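Beneath this line is the structure, given in structure tokens, with notes to follow.
Derivation of every value follows stated rules applied to the coordinates shown; laboratory data play no part. Owing to the predicted nature of the structure, the values given are computational and were not obtained by experimental measurement. Every residue, glycine as well, gets a Cβ built from its backbone with ideal geometry; the counts of neighbours run over all protein chains shown.
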DNA sequence: CGCGATACCTCGCCTGTCAATGTATATTTT
DNA sequence: AAAATATACATTGACAGGCGAGGTATCGCG
């Protein structure tokens, strides 16, 4: 991985939720989508992904159902809930704030 | 703390280095500076701060020396090294990349 | 003298990441 | 038909960074 993963830490859930906003999806597909989007410069590890799914489901932010085994192995689909949409919105505004804050704090100070 | 700390994770060292770029400083002062800069919306916890100092010193990114007890308790000053300046520069470019990446990945996807 | 501010430090827990490993099925290759 | 590859999900155990809680010491003020 080219990008230091500690910086990405804490964004896993938001990344997942972002992918579920428009349509239901499943782990493998989300992972592939991320790899394509970032052209390999960042990969969500499977273990990380699935533990995040567990967290989100337990928090009532997503729900899961089995389906769509037509093409290959069985898939567990996830759908975002109202809770999830709310969390996504919160995380997005938090991120905007955090971005500014980090920019300010990591700028060489002249005082 | 208002901002989710996991998002800030991994930036502690960069924040410290940023404060040492222009002048030597010590823990308490750096902490106070951060609190003022962010108007209380983010506080680097002492335990976090001092463990980060240890890490940075062990990595040869900063060096420490005792001094300046004139006003109160004794202070341990830190100075940035060439290694530290390099790490700072790397972290900054990483951050720019990561910012773009996160923005891209947490945007609701329309595909 | 007690209290608050200054200043530093450590222990142990918690949480998120991830390498390693395992399972099962479908498709493609040999 | 067997082997390899791709699809797809899941768990375990280790690791690292953040931080709550607690501790030490000095100085000035009332």
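Considering only the label points, 7 Å along Cα→Cβ from Cα, what distances in nm to one decimal separate residue B:96 from the same position in each other copy, shortest first?
Going from nearest to farthest copy, the values are 2.4 nm.
Placing a label point 7 Å from Cα toward Cβ, how far apart in nm is residue A:65 from its equivalents in the other copies, listed shortest first to one decimal?
6.9
Which FRET efficiency value, to the nearest 0.05, do you get for residue A:108 and residue A:39 by plugging their Cβ-Cβ distance into 1/(1 + (r/R0)^6) with R0 = 30 Å?
Using R0 = 30 Å, I get an efficiency of 0.45.
Roughly what angle does helix B:27-38 make with the longest principal axis of chain B, taking Cα atoms, 0 to 90 degrees, to the nearest 10?
40
Return the FRET efficiency for the residue pair residue A:59, residue A:22: r is the Cβ-Cβ distance, R0 is 22 Å, and the value is rounded to the nearest 0.05.
Efficiency computed from Cβ-Cβ geometry: 0.60.
Using Cα-Cα distances under 8 Å and only pairs 6 or more residues apart, what relative contact order does chain B have, in percent?
Value for chain B: 27 percent.
What is the mean number of Cβ atoms from other protein chains located within 10 Å of the Cβ atom of each residue in peptide A:9-20, rounded to a whole number?
4
Which residue in chain B puts its Cβ closest to the axis that rotates chain B onto chain A, and at what distance in whole Å?
Closest Cβ on chain B to the axis mapping it onto A, in Å: B:9, 3.
Just round it to a whole percent: the fraction of Cα-Cα distances in chain A exceeding 23 Å.
36
Residue by residue through A:96-104, how many Cβ atoms from other chains fall within 10 Å of the Cβ on average?
So the per-residue partner count for this stretch is 6.
In degrees between 0 and 90, to the nearest 10, how far off the longest principal axis of chain B does helix B:82-106 point, with axes built from Cα atoms?
It works out to around 30 degrees.
With the label 7 angstrom out along Cα to Cβ, how close does residue B:32 come to the same site in each of the other copies, in nm, nearest first?
Nearest to farthest, the other copies are at 5.8 nm.
Considering every pair of different Cα atoms, what Kirkwood radius, in Å, is found for the protein assembly as shown?
19.3
Okay, helix-only estimate at 222 nm for chain B: each DSSP H run of n ≥ 4 adds -39500 (n - 2.57), divide by all residues, round to 500 deg cm²/dmol; what do you get?
When only DSSP H runs of four or more count, the value is -18000 deg cm²/dmol.
Report, as an integer, the average count of C-beta atoms from other chains found within 10 Å of each Cβ along B:24-37.
Neighbouring Cβ atoms belonging to other protein chains average 1 per residue here.
Helix B:46-58: angle to the longest alpha-carbon principal axis of chain B, degrees 0 to 90, nearest 10?
Rounded to the nearest ten degrees, it is 80.
Would you mind ranking B:76, A:54 by Cβ crowding within 10 Å, fewest neighbours first?
A:54, B:76
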